[in-house]
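K.L.:
Pasting a structure below so you can have a look.
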Amino acid sequence: MDWKRFSFIGLIIIVLFGLVVMVGQVKQPPLLIITSMLATTIAVATPLTLGALSGVFCERSGVVNIGIEGMMLSAAFFGWLGGIYMYNLYGFPPGISIAVGVLVAILTGAAMSLLLAVLSITFKVDQIIGGTVINILAVGLTGFLNRQLFFGKGSVFGGTVPGSPGVLPTIHVPITEIFSSVCGTSTTCLESVQAINRVFDQKPIAIGAILLVFISHYVLFNTRWGLRTRAVGEHPKAADTVGINVIKMRYANVIIGGMFAGLAGAYFTIESVPSFEPLLTNGRGFISLAAMIFGNWTPIGAWAAALVFGASQALLINMQIFRDVIPPQWSFLQESYIVGLTPYILTMFILTGIIGKTTPPAADGVPYEK
Amino acid sequence: MQSEKQSNSLTKRILQSISEAVLIPFLAILTAVIIGGIIILIVGGDPIRAYTGLIQGSMGSTKAWSETAVWATPYIFAGLAVALAFKGGLFNIGAEGQLAVGAVFSALIGYALPEWLGFDLPTIIHLPLTVIFGMLMGGLWAAIVGSLKAYTGGHEVINTIMMNYIALNTTSYLLNGMMKDPSPTNVIARTPLIADSARFPTIFEGLRVHWGFVLALLVAFFIWWLLNKTTLGFEIRTVGLNPDAAKYAGINVKRTIVLTMLFSGMLAGLAGSIEVTGLNYRHELGFSIGYGFDAIAIALLGKSHPLGVVLAAFLFAAMRNGATRMQFLTQLPVDLISMLQALILLFVAADAIIRYIYRIKAKGERVVLTRGWGG
């Protein structure tokens, strides 16, 4: 990640935030808007960050993973389903059911990526086709089971979707409590502190994703495991010669990647909203791939890029709040279909390489043959 | 003596390659059907009844055959779109978006052109205009991605998917706004009905199968001819096999990439266009969803050969068409078909697994699409 890339990311985020502040300032003070935008950005960037990390691990070891979308979708479904089974059929308390749901989601991601690994590493299927198979399989499987398990003949739920155990709670960071004494009696000061506090009050997977960014960075660039992973992705033959088991390293990294994608799936149905609908991932697996490419296959760079996409989604959400105060000359901002195009157009723009070319790992996408 | 021996070995080789080309997809389908049956058993259904329903519903009567052909029409076009791109070394995951764009613009010309002109057009002019306009818009939609690939290196896999979402958002915008059917009872995001002069006639009285189906078969033949008998087809295949070699041979690789995507998008656009002019007589939001992935599966199952694509399209059409009857007989959801198709695709794409299960020796080259990102 060079300065050009980071300044581009900064610029886009400033433009997107500026747009909302400009429109919304008649209704709310700028600080409140900015903090609420920031909070939304971090939250909605979570699946993108995790998806991009999934891609980083797979591709650093030399396996192209375009199946992230399908891994997320199936993890979202099975995680949600796991929670429902635990809560409704086995009568576990909501807390435990939710935790099991997250675990099931991660395992689903791992299982799907194991399939990708078998296809692309063992059977040497073209990796893009292998990923596409995962995506199509996920759509078919979740669509079928979603209908069959709840509405099918002999369904234990008897034709209704039962209540889910709910979503993960927000973790409160006590900034207000600590700094309220500094403010004294000033209410503006207190309100500002509360507004800033909101940025830090995130849900567990969102916080976990940020921690995982730095953990991944450390693992990839400061440990023996990371060095081996990168060696296998850059020059598998050389790695093999010095005694690294290429096949094993690739399997392990693809499965780790699948677990990240699984956690991203859990975000949708266990952290964000407690329900599932077919195709709910809506292309975010692919956007996270773009984030990975723009981040030059580094965890921190990918996270920064994911934040840009998060900001463009936050723009859409916040514009709906200020719908009634949008000035007439900006009326196109009222159209959610038009504003909703931002992440997709941004992705295509970034992939043109105008902001600087990126270099994938040298052996990315090439099956290893001894 | 020698020539006889040669011709003998030639016939043998041809027979071998045919059995190879047919055997693997057949075994892939068989394996998927068996695994699908096991899944049906697990969820408490009756696999025999389910498959009987599928066959009855898709081939049990003249009407069933007609409906299968109706389903197959867009599948043939969309499958050809993906297959052509495969031949050119490109992976077009965006057939869905191109199809939607083709359908929207065909519908527009279909219902609005007489209004704009102020008089009615004869079918012989209006229908071709409608179809060609939709086809071209689908082509342009894909050519954007082709140009990005050729001139900036932006990877077509991600870009076509982004274009799918852009197409979906834009058509939602149009179908909920300026192109929405203005009749007072309408609450659905759809266009008005197209004029009679922009509609394909049906082939037989009382059956829905229309001349668009015949056009699909003709186009499949045309694509075979284009790929195998023309210079352009040769260039497309060469770029697909080895862009570096193509460059040294003096082929304009960038131009060929853009043209391949243009043609691919035109075929996908045709799929949408023919659905509007031959079947639905309007475009309705959401109708295009799922076609993109189905088209990929069809192209892979058909080994990217036009004849293979036609056969694969028929298989998929038969499954979709028979699904209703299957649901009636067994109460299994129609979505079962999507899973069955995913399994077929899994085994077709990973023919190494099929070879492994049935102990068939590998021969011939592997499909190679992955050429890294960005580069």
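Derivation of every value follows stated rules applied to the coordinates shown; laboratory data play no part. Because the structure is predicted, anything quoted here is derived from the model rather than measured. Here Cβ is always computed from backbone atoms with ideal geometry, including for glycine, and neighbour counts include all displayed protein chains.
K.L.:
Name the shape class, rounded, prolate or oblate, that the alpha-carbon gyration tensor gives for chain A, where a ≥ b ≥ c are the square roots of its eigenvalues, rounded holds for a/c under 1.5, and otherwise prolate holds if a/b is larger than b/c and oblate otherwise.
P.N.:
Oblate shape, in that a/c is at least 1.5 and b/c is the bigger or equal ratio.
K.L.:
Quickly work out the B:S17-to-A:T187 label distance, labels modelled 7 Å from Cα along the C-beta direction, and quote it in nm with one decimal.
P.N.:
About 8.5 nm, to one decimal.
K.L.:
Still on this structure, I have one more. Would you grab the residues whose amide H sits under 5 Å from the one on B:H210? Only those 5+ places off in sequence or on another chain, please, with H modelled 1.01 Å from N.
P.N.:
The answer is B:I203.
K.L.:
What residues of region B:178-210 lie in the reach of a label at A:Q334, counting those whose backbone N is under 19 Å from a point 7 Å from the Cα along Cα→Cβ?
P.N.:
B:178-180
K.L.:
I need the shape label for region A:19-105. Rule: rounded when a/c is under 1.5, else prolate if a/b > b/c, else oblate, with a, b, c from the alpha carbon gyration tensor. Write out the running numbers ahead of the final one.
P.N.:
Working: a/c = 3.58, a/b = 1.37, b/c = 2.61.
Here region A:19-105 falls in the oblate category.
K.L.:
Let me ask something else. What are the residues whose amide H is under 5 Å from the amide H of A:I355, where those residues sit 5 or more places off or on another chain and H is modelled from the backbone?
P.N.:
Correct list: empty.
K.L.:
Let me ask something else. Quickly estimate the mean residue ellipticity at 222 nm for the protein assembly as shown, helices only: each DSSP H run with n ≥ 4 gives -39500 (n - 2.57), and the total goes over all residues, rounded to 500. Numbers along the way, then the final one.
P.N.:
On the way: 29 runs with 518 residues, N = 745.
Result for the protein assembly as shown, helices only: -23500 deg cm²/dmol.
K.L.:
Where the eigenvalues come from the Cα gyration tensor of region B:202-264, what are the semi-axes √(5λ) of the equivalent ellipsoid, largest first, in whole Å? Write out the running numbers ahead of the final one.
P.N.:
Numbers: eigenvalues 249, 22, 10 Å².
So the three semi-axes of region B:202-264 are 35, 10, 7 Å.
K.L.:
Suppose the Debye formula is applied to equal point scatterers at every Cα of region B:61-330; what is log10 I(q)/I(0) at q = 0.10 Å⁻¹?
P.N.:
So the normalised log intensities work out to -0.50.
K.L.:
If you line up the long axis of helix A:94-117 against the longest principal axis of chain A, both from Cα atoms, how many degrees apart are they, to the nearest 10?
P.N.:
40 degrees
K.L.:
How large is the translational diffusion coefficient of the protein assembly as shown in µm² per second when you combine the Kirkwood radius over alpha carbon pairs with Stokes-Einstein at 20 °C and 1.002 mPa s? Let's see the in-between values first.
P.N.:
On the way: Rh = 27.3 Å.
Using the Kirkwood radius from Cα pairs, D works out to 78 µm²/s.
K.L.:
What full-extension length gain, to one decimal in nm, is calculated for B:F222 and B:N186 as 0.36 nm per residue of separation minus the Cα-Cα distance? Don't skip to the end; give the middle numbers.
P.N.:
On the way: separation 36, 0.36 × 36 = 12.96 nm, distance 4.03 nm.
That pair, B:F222 and B:N186, stretches by 8.9 nm at full extension.
K.L.:
For B:N228, what is the net charge nearby, where nearby means another residue's Cβ is under 15 Å from its Cβ and Lys, Arg count +1, Asp, Glu -1? Mind showing how you got there, number by number?
P.N.:
Working: positive: B:K87, B:K229, B:R237, B:K303; negative: B:E235.
Here the charged neighbours net out to +3.
K.L.:
Once the other residues with Cβ under 13 Å from the Cβ of B:V22 are scored (Lys, Arg +1; Asp, Glu -1), what is the net sum? Write down the numbers at each step before the final one.
P.N.:
On the way: positive: B:K303; negative: B:E20, B:D351.
Around B:V22, the surrounding residues sum to -1.
K.L.:
On to the next question. Give me, ordered by chain and number, the residues 5 or more places off A:V366 or on other chains with an amide H under 5 Å from its own placed amide H.
P.N.:
Under 5 Å from the amide H of A:V366: no residue qualifies.
K.L.:
Hand me the chymotrypsin sites (Phe, Trp or Tyr not before Pro) from region A:51-122 located in a DSSP loop with no more than 14 other Cβ atoms within 10 Å, in residue order please. Let's see the in-between values first.
P.N.:
Working: sites: A:F57, A:F77, A:F78, A:W80, A:Y85, A:Y87, A:Y90; in loops: A:Y90.
Passing both the DSSP loop test and the Cβ count: A:Y90.
K.L.:
What's the exposure ranking of B:H155, A:H217, going from fewest to most Cβ atoms within 10 Å?
P.N.:
Details: B:H155 22, A:H217 19.
The fewest-first ordering by Cβ neighbours comes to A:H217, B:H155.
K.L.:
So for region A:202-360, Kirkwood radius off the Cα pairs, Stokes-Einstein at 37 °C and 0.692 mPa s: how many µm² s⁻¹?
P.N.:
The Stokes-Einstein estimate is 181 µm²/s.
K.L.:
Return, ordered by residue number, the residues of region A:41-73 whose backbone nitrogen is under 11 Å from a label point located 7 Å along Cα→Cβ of A:E234.
P.N.:
Within reach of a label on A:E234: no residues.
K.L.:
For B:I38, A:I9, what ranking results if the residue with the fewest other Cβ atoms within 10 Å of its Cβ goes first? Before the final figure, lay out the partial values.
P.N.:
Details: B:I38 10, A:I9 22.
So the ranking, lowest neighbour count to highest, is B:I38, A:I9.
K.L.:
Follow-up question, since we're still on this one. Please work through chain A and write down the cysteines that have no neighbouring cysteine Cβ at a distance under 4.7 Å.
P.N.:
A:C58
K.L.:
Still on this structure, I have one more. Give me B:R359, A:R284, B:R49 ranked fewest to most by other Cβ atoms within 10 Å of their Cβ, as a rough exposure proxy.
P.N.:
Details: B:R359 6, A:R284 25, B:R49 14.
Result, fewest neighbours first: B:R359, B:R49, A:R284.
K.L.:
Still on this model: In sequence order, what are the phi-derived ³J(HN,Hα) couplings for region A:358-370 according to the Karplus relation 6.51 cos²θ - 1.76 cosθ + 1.60 with θ = phi - 60°, rounded to whole Hz, with x for glycine and proline?
P.N.:
Listing the rounded values in order: 10, 10, x, x, 4, 9, 4, x, 9, x, 8, 10, 5 Hz.
K.L.:
If we count every other residue with Cβ under 10 angstrom of A:W297's Cβ, Lys/Arg +1 and Asp/Glu -1, where does the sum land? List each step's numbers first, then the result.
P.N.:
Values: positive: A:R60, A:R230; negative: A:E59, A:D364.
Local net charge: 0.
K.L.:
What ³J(HN,Hα) values, in whole Hz, does the Karplus curve 6.51 cos²θ - 1.76 cosθ + 1.60 give for region A:119-125 when θ = phi - 60°, with x put for Gly and Pro?
P.N.:
4, 8, 8, 6, 8, 6, 5
K.L.:
Mind checking the mean number of beta-carbon atoms from other chains within 10 Å of the Cβ atoms in A:47-55?
P.N.:
Values: counts 0, 0, 0, 0, 0, 0, 0, 0, 0.
Counting other chains' Cβ atoms within 10 Å and averaging over A:47-55 gives 0.
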